[in-house]
Amino acid sequence: MQDGTINLEDYTKSDWTIMLNDRVITTFTTHEGSKLIIGRSPDADVVIDNTAISRHHSSIELRDGRHYLADMKSTNGTTVNGKKIVSKVPVTEKDVIFIGKFRLIQAAANEQHASSSYATAMDIDDEATVFVSSPRQQVAAQPSQSKSPSTNEIYRLTVLEGNALPTMLSLDGKSSVKLGKDPSCDMIIPGWLVGKTQCYVVSKKDRYYIVPQRSWTNTRLNDVIIKEERLLRKGDMIQIKSVKIRFN
């Protein structure tokens, strides 16, 4: 610093960005003395719902102003500068870090990009849908982010035709719901070509959006095939094969 003083804030916390290819997925902050778990399990501090990520994949902690990264016996590994790590190693902003296919960067993300926490899979063979949530302590500090866009009206997904369970899914209090044939989905839609995760319905700010994922079966919105995120309006019809679902 120009005046020679030390800003202790610089040593007690750091901002991190998770990226997939060139897209910012989410950001989180480490604090002095903290240890965060990155993984696919809902109880991880930074959740990446991707089949290439282990339930508890990696951990990162900040001790005495230094960051330490560790692999937690993950299937696809954690790499630093191209080398897989097997134990805790110190890392800096100059290191190239990958958690599976996701790059971890010590830098503040552009706020506009960071608001988009959803991305499609890299390829169909992976059947690796991506959904990322912020660290649990950040969610706890800002509970309003997990609420429905409107506190005056409860939105829901209602099955009008076809085989899907449950036949009515309330979106009240949910920041996202997952539709597909995997048993972990909030609405299960069976079918040979239906994706394990076919699409998400997510809330951002004061609106709901549908986010299709790569699958052999198309996701349609009002009879139009969609490949990218689309705003949902009351009365819209979502169709996955013979299943028709109304957003209302």
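Quick note: the coordinates plus some simple rules give every number you see, no bench work behind them. Nothing here was measured: the structure is a model prediction, and the numbers come from that model. Here the Cβ positions follow ideal geometry from the backbone for every residue, glycine too, while neighbour counts run over all protein chains shown.
Points to keep in mind about this one:
- Among 28-41, 193-206, sorting by the average number of other beta carbon atoms lying within 10 angstrom of each residue, highest first, gives 193-206, 28-41.
- Each part gets one Cα centre, and for the stretch 166-238 versus the stretch 41-57 those centres are 21 Å apart.
- Segment His31-Thr75, length gained on full extension (0.36 nm per residue, minus Cα span): 13.1 nm
- The stretch between Glu161 and Trp192 holds 9.4 nm of extra length on full extension. This uses 0.36 nm per residue minus the Cα-Cα distance.
- For Cys199, the amide hydrogen comes within under 5 Å of the amide hydrogens of Leu179, Gln213, counting only partners 5 or more places away or on other chains and with H modelled in the peptide plane.
- Nearest-0.05 FRET efficiency for Arg66 and Asp236, computed from C-beta distance (R0 35 Å): 0.10
- Peptides 227-235, 93-101 ranked from most to least packed, by the mean per-residue count of other Cβ atoms within 10 Å: 93-101, 227-235.
- A full extension of the chain between Lys13 and Asp172 corresponds to an added length of 53.8 nm, given 0.36 nm per residue minus the alpha carbon distance.
- Per-pair calculated FRET efficiency, R0 = 25 Å: Asn21 and Lys88 via Cβ, rounded to 0.05: 0.35
- Contact order, relative form, for the stretch 190-248: 27 percent (alpha carbon pairs under 8 Å, 6 or more residues apart, mean separation divided by residue count).
- Cut-off 15 Å between beta-carbons: net charge of the residues surrounding Ser58, Lys and Arg +1, Asp and Glu -1: +4
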